[in-house]
């Protein structure tokens, strides 16, 4: 069994209104000098295999098919 | 200027219906042996300071006040 973490973030240049809202909210709370807030997603999962190469390949396929919208998002996979 | 990534994940024992839905969807797509899918959030941000200790302290305060619901979520901060 291999544990993995997939991090999905918006590509550069893609507008992130949610990130902007958080930036505004942080400013309202008195946190100054905070810029470039971007929100992304993280998925923790377990794959029932002991073959790390196979696991990574399978998770990459999951990202392409479901977890990330590769038109506007990047993803990175880290196995633990 | 310091770049940081904040990762917010649900605490153990907190139900994650979104993660369960993703697990089901992965199964429907033919990915077998995928378990314990949990979804979290990631925030990338820049803080206008060069003092890493101060930046970390400030981001910790942001997590406590806005970015994470510490009743049900854990957060981790990594500076780059």
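May I ask you to verify whether residue B:11 is closer than 21 Å to residue A:25 by Cα and surrounded by fewer than 19 Cβ atoms within 10 Å (Cβ to Cβ)?
So residue B:11 fails the test.
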Within region A:19-55, the residues that are more than 10 Å from chain B (Cβ to nearest Cβ) and within 27 Å of residue B:49 (Cβ to Cβ) are A:20, A:21, A:24, A:27
Which residue, of A:23, A:73, A:48, is touching a strand residue (DSSP E or B) at 6+ places or on another chain (Cβ under 8 Å), surrounded by 12 or more Cβ atoms within 10 Å (Cβ to Cβ) and farther than 18 Å from residue B:4 by Cβ? A:73
Residues that are outside any loop (DSSP other than H, G, I, E, B) and on the phi > 0 side of the Ramachandran plot, drawn from region A:16-45: A:36
Taking residue B:54 as the residue in question, decide whether it is farther than 22 Å from residue A:62 by Cα and not in a helix (DSSP H, G or I). no
Name the residue that is farthest from the other protein chains (Cβ to nearest Cβ), counting only residues in region A:56-70 that are out of contact with any strand residue (DSSP E or B) (no Cβ under 7 Å at 6 or more places or on another chain) and under 19 Å from residue B:19 (Cβ atoms). A:69
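None of the figures in this text is laboratory data; all of them are computed from the coordinates on show. What you are looking at is a predicted structure, and each value in this text was computed from that prediction instead of being measured. Every residue, glycine among them, receives a Cβ derived from its backbone with ideal geometry; neighbour counts consider all protein chains shown.
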